[in-house]
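Have a look at the structure below, then the notes.
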Amino acid sequence: MKIKILVYISIITLGVTTCLGCKDTTNEIKNENLISNKKNKKAEIEFSRKQENSKKIVQDTLSFKLSNNFSIKKTERILSLFNSKNELIASNHKIIKLKDESENCLSDGFQKIVVKNNFFTIEQQNCSNKFFINEYITFKYDKISNSFLLHKLGYVYSNKSNPNEKKPDVIFTNKDFGKITFLDLDLISLYINLINKK
């Protein structure tokens, strides 16, 4: 008994924490740590996936009632038109501007849709060089074709550093661009074509 105690004491003084005749639990502790780490990693991955899924699910979806029981829904960049039976009749991803889309200035992008009688107007903001540009894209319901046609396109400029600077508004009508359906409108291409005509 004296020998075991002396051996144990001498081992402790050397900094070794092994007990003679005791069960070695080092491997069990390592295994428990591995299992615990795997559980934590799995939980972290699941949490990360839940966050990604919640980002996908929580999209900016807005709905508006239009004339003749039509409705329009906006989700991110996509505008979708529905008939009175809530059937999709047209969708367009070439109209809506996103917030700070050009990544060189802080513009608001899409702001709202205003509905009045047979018209609806999309209001949004982007920027170019030293100007904020407020865009107004107006569609009108056409009874003959039973669809919405582009009616007016307006641009209001304001200088970022000098808001009092006057720059004339730019307005285009169907006389300038002809008959364009909601489905066929490519806003950027149309703007470039209209500016090049001037």
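The values are calculated or read from the model by the stated rules, or taken from the named source; none is laboratory data. Being a predicted model, the structure only gives us computed values, none of them experimental. All Cβ positions, even for glycine, are placed from backbone atoms using ideal geometry, and neighbour counts span all protein chains on display.
Any idea which of 96, 78, 89 is surrounded by 15 or more Cβ atoms within 10 Å (Cβ to Cβ), under 30 Å from residue 166 (Cβ atoms), assigned by TED's automatic domain parsing to the domain that holds residue 164 and not charged (D, E, K, R)?
Working: 78 fails: under 30 Å from residue 166 (Cβ atoms); 89 fails: under 30 Å from residue 166 (Cβ atoms).
After ruling out the rest, the residue left standing is 96.
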Go through (1) modelled with pLDDT under 95; (2) more than 19 Å from residue 108 (Cβ to Cβ) one by one and return the number of the condition residue 133 breaks. (2)
Applying the selection to region 142-192, what residues are in contact with a Leu (Cβ under 7 Å, 6 or more places away or on another chain) and in contact (Cβ under 8 Å) with a residue 60 or more places away in the chain? 148, 181, 182, 185
Can you find even one residue in region 154-171 that is at pLDDT 90 or above, in contact with a helix residue (DSSP H, G or I) (Cβ under 9 Å, 6 or more places away or on another chain) and closer than 12 Å to residue 95 by Cβ? no
Select from region 120-171 the residues that are among the acidic types (Asp, Glu) and in a strand (DSSP E or B) and write down the one among them that is farthest from residue 187 (Cα to Cα). 142
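When you go through 123, 87, 135 one by one, which is the residue that is free of Cβ contacts under 8 Å to residues at least 12 places away in the same chain and among the acidic types (Asp, Glu)? So that I can check it myself, show each step before the final result.
Working: 123 fails: free of Cβ contacts under 8 Å to residues at least 12 places away in the same chain; 135 fails: free of Cβ contacts under 8 Å to residues at least 12 places away in the same chain.
After applying the criteria, what remains is 87.
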